[in-house]
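Reviewing the structure listed below.
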Amino acid sequence: MFISVGAMGLLGVNAFAVNCEMEMSKGLPGIDIIGLGDVAVKEARGRISSAVRSSGCKMPQLRITINLAPADIKKTGSTYDLAIITALLFLNGNIAHNLDDCAFVGEVSLGGTVEPVSGVLPMTILARSKGIKNLFVPAANAYEASVCKGINIYGVNSVRELIDHFSGKPITPQTPYEIPEAAYEFPLDYADVKGHAVAKRALEYAAAGGHNLLMLGPPGSGKSMLAKRIPTILPPLSFDESIEITNIYSCAGLIDRKNPLVTVRPFRSPHHNASAAALIGGGNIPAPGEISLSHNGVLFLDELPEFQRIALESLRQPLEDHRVTISRVSGKITYPCSIMLIAAMNPCPCGHLGSKTKECKCSPKQVSSYLGRVSGPLLDRFDIQIEVAEVEYEKLSSTKKEEASSEMRKRVESAREIQRRRFEGTKITCNAKITDDILREVCVLSKEADNTLHDAYDRMGLSGRAHERILKVARTVADVDNSEKIETRHIKRAIQFRTLDRQYWQHRG
Ligand SMILES: [Zn+2]
């Protein structure tokens with residue numbers, strides 16, 4: 001007796017189709033599972049036989065061989081339980097129904113209940129693309145799966161319910177998820193932040209071109225207040241971007257059961273004691289890290305020098321590649337991480353270096369070792385670097401109305417629209433991601449602007465990379481200004497954003 005039942009597996013954010021093949025034959029009763037399964041897969045044997053009995057069925061007194069095909073991909077976790085038990089119940093005669101256009105995903109408990117698993121959304125999307133009509137998932141994951149339209153989703157509570165479904169007491173299919181009108185309401189707004197005109201402008205450019213930004217300033221000057229409001233000026237997510245983020249959250253088991261689709265750009269702010277694994281992803285079955293959970297959104301690192309050096313350095317490559325690959329004995333897993341990195345730091349350990357009102361008590365050596373915790377190559381990855389000073393009392397107490405986030409967002413969105421047209425048909429999404437091969441083609445400078453950049457290059461001794469980044473930021477400044485050519489004022493602005501490293505880091509050893 002033989003049957004093959006559809007199942008789904010997961011590697012990183014990528015789902016793959018699995019056939020759960022089962023054969024029953026005479027011999028010593030027992031279950032063998034082959035096909036590169038891990039411990040959790042092998043342990044399915046115990047869960048399955050107990051769940052079959054708990055559901056009021058008899059375990060067959062036969063030799064059962066299960067093959068999870070294709071056999072060359074490692075299978076991890078307990079998502080195959082439901083497919084295995086369905087195959088068994090079919091061969092056992094408890095289910096007498098054609099299962100050709102069905103697939104099954106879920107963990108089964110000893111008591112026969114069906115428990116939630118991670119990564120149901122990417123698995124559902126794959127199942128649909130494979131032409132599967134009916135997907136059976138744990139009831140707790142059904143709403144998440146229903147984000148994907150065009151496939152029947154059945155949320156299963158127990159093995160008993162599944163048997164009943166095929167014998168005349170069908171489970172009601174999950175109604176497809178309706179995306180709520182993009183509610184662009186934030187509890188925060190730049191209108192609440194007094195002063196900081198230069199910083200706000202810089203943040204607007206960062207948002208407009210997707211640039212990484214570093215803020216340096218004394219404690220309490222408002223750096224985190226400014227950072228936390230970035231999501232309020234970012235353009236709304238497209239549906240595809242939403243799905244990309246939701247897939248990652250689905251794999252991390254972080255889906256909000258009530259609102260399964262992530263519709264707001266993530267803003268993640270891990271504490272400075274976060275390890276490298278927490279930032280870029282890790283674990284035995286590598287889970288996405290903060291950098292991937294911030295995909296299509298913002299990763300904010302406050303108190304940047306307080307992070308472990310190794311953790312900060314681990315961010316460098318993923319920041320360049322916009323994806324992170326984690327290697328394990330079980331194989332390589334890649335997660336996307338297209339993010340805006342925003343960081344904040346004090347200028348010295350006491351925080352008052354350069355202050356007009358307070359005295360810095362740090363020795364030059366202390367300052368240099370503090371700044372040195374942020375390496376040159378990491379510093380280089382911040383396209384925009386600004387100083388955030390304490391706001392003067394007059395500005396704080398002023399009744400002048402500050403510009404609202406919604407106004408800033410309008411300029412960001414129109415600059416993004418220019419970029420969307422510019423990069424149509426390429427993989428580039430914003431100016432920060434312009435590749436070397438087209439840099440000069442899309443960043444056309446006026447003669448005067450070119451001279452200004454040339455001057456700065458000689459005078460400031462810029463590195464090739466700094467030079468590239470100035471061009472990209474100038475491109476964004478010009479886009480916000482709705483200017484096709486990069487003019488001198490745009491290039492000057494971009495150069496201004498690169499002076500911090502010279503001012504503070506020049507003497508580092
Ligand atoms: Zn100090």
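What's the exposure ranking of VAL298, VAL147, going from fewest to most Cβ atoms within 10 Å?
Least crowded to most crowded, the residues run VAL298, VAL147.
For the charge dipole of the chain, defined by +1 on Lys and Arg C-beta atoms and -1 on Asp and Glu C-beta atoms about the Cα centroid, which residue among GLN419, LEU261, PHE497 has the Cα displaced farthest towards the positive pole?
Projecting each Cα onto the dipole axis, the largest value belongs to PHE497.
Need the list of lysines near LYS26 for cross-linking: C-alpha distance under 27 angstrom, and skip anything on the same chain fewer than eight residues off.
Partners within reach: LYS42, LYS58.
Let me know the charge dipole size of segment 190-429 about its Cα centre in debye, to the nearest 20, where only the beta-carbon of Lys, Arg (+1) and Asp, Glu (-1) is charged.
Roughly 60 debye, rounded to the nearest 20.
Please list, in order along segment 78-89, the HN-Hα scalar couplings obtained from phi with the Karplus expression 6.51 cos²θ - 1.76 cosθ + 1.60 (θ = phi - 60°), rounded to whole Hz, x for Gly and Pro.
With the stated coefficients, segment 78-89 comes to 10, 5, 8, 3, 5, 5, 4, 5, 5, 4, 5, 5 Hz.
With only Lys, Arg, Asp and Glu charged, each at its Cβ (+1 for the first two, -1 for the last two), find how big the charge dipole of segment 340-487 is about the Cα centre; round to the nearest 20 debye.
480 debye
Between segment 89-131 and segment 308-352, what's the alpha-carbon centroid distance in Å?
Result: 37 Å between the Cα centres.
What ranking of VAL444, VAL105, VAL412 emerges when the number of other C-beta atoms within 10 Å of each C-beta is taken as an exposure proxy, fewest first?
The most exposed by this proxy come first: VAL444, VAL412, VAL105.
Sort the following peptides by mean Cβ neighbour count (other Cβ atoms within 10 Å, averaged over residues), highest first: 94-100, 479-485.
Peptide ranking by packing, descending: 479-485, 94-100.
Which order results if CYS251, CYS148 are arranged by neighbouring Cβ count within 10 Å, fewest first?
Fewest-to-most ranking of CYS251, CYS148: CYS148, CYS251.
Which whole-number percentage describes the relative contact order of segment 2-165, with Cα contacts under 8 Å and a sequence gap of 6 or more?
Computed over segment 2-165, the figure is 25 percent.
Taking square-rooted eigenvalues a ≥ b ≥ c of the alpha carbon gyration tensor, is segment 190-429 rounded, prolate or oblate, where a/c under 1.5 means rounded and, failing that, a/b exceeding b/c means prolate?
oblate
Which aspartates and glutamates, if any, have their Cα less than 15 Å from the Cα of LYS472, not counting same-chain residues under 8 positions apart?
GLU204, GLU320, ASP380, ASP383, ASP436, ASP437, GLU441, ASP450, ASP481, GLU484, GLU487
Rounded to the nearest 20 Debye, what is the dipole magnitude of the chain about its Cα centre when Lys and Arg each give +1 and Asp and Glu each give -1 at the C-beta?
Charge dipole of the chain: 600 debye, to the nearest 20.
Picking from ASN273, GLY12, LEU121, whose Cα lies most toward the positive end of the charge dipole for the chain (charges on Cβ: Lys, Arg +1; Asp, Glu -1)?
ASN273
What relative contact order, as a whole-number percentage, does the chain give when Cα pairs under 8 Å and 6 or more residues apart are counted?
Relative contact order of the chain: 13 percent.
Order the peptides 289-295, 21-27, 136-142, 194-200 from the highest to the lowest mean number of other Cβ atoms within 10 Å of their residues.
With the highest mean Cβ count within 10 Å placed first, the list reads 289-295, 136-142, 194-200, 21-27.
Antiparallel as a % of all DSSP beta bridges within the chain, to the nearest 5?
Among the beta bridges of the chain, antiparallel pairing accounts for roughly 45 percent.
In segment 145-232, which GluC sites (Glu not before Pro) fall in coil by DSSP and have 14 or fewer other Cβ atoms within 10 Å?
GLU178, GLU181, GLU185
Excluding residues on the same chain fewer than 8 positions from LYS401, give the lysines whose Cα lies under 26 Å from its Cα.
LYS194, LYS200, LYS223, LYS228, LYS410
May I ask you to derive the FRET efficiency for ASN98 and ASP38 from their Cβ-Cβ distance with R0 = 30 Å, giving the value to the nearest 0.05?
0.45
Applying a 10 Å radius around every beta-carbon, put 362-370, 490-498, 316-324 in order of their mean neighbour count, most first.
The most tightly packed comes first, giving 490-498, 316-324, 362-370.
Every number in this text was worked out from the coordinates using simple rules, so none of it is lab data. As the structure is a computational prediction, the values presented were derived from the model and not from experiment. Note that each Cβ is placed from the backbone with ideal geometry, even for glycine, and that neighbours are counted across all protein chains shown.
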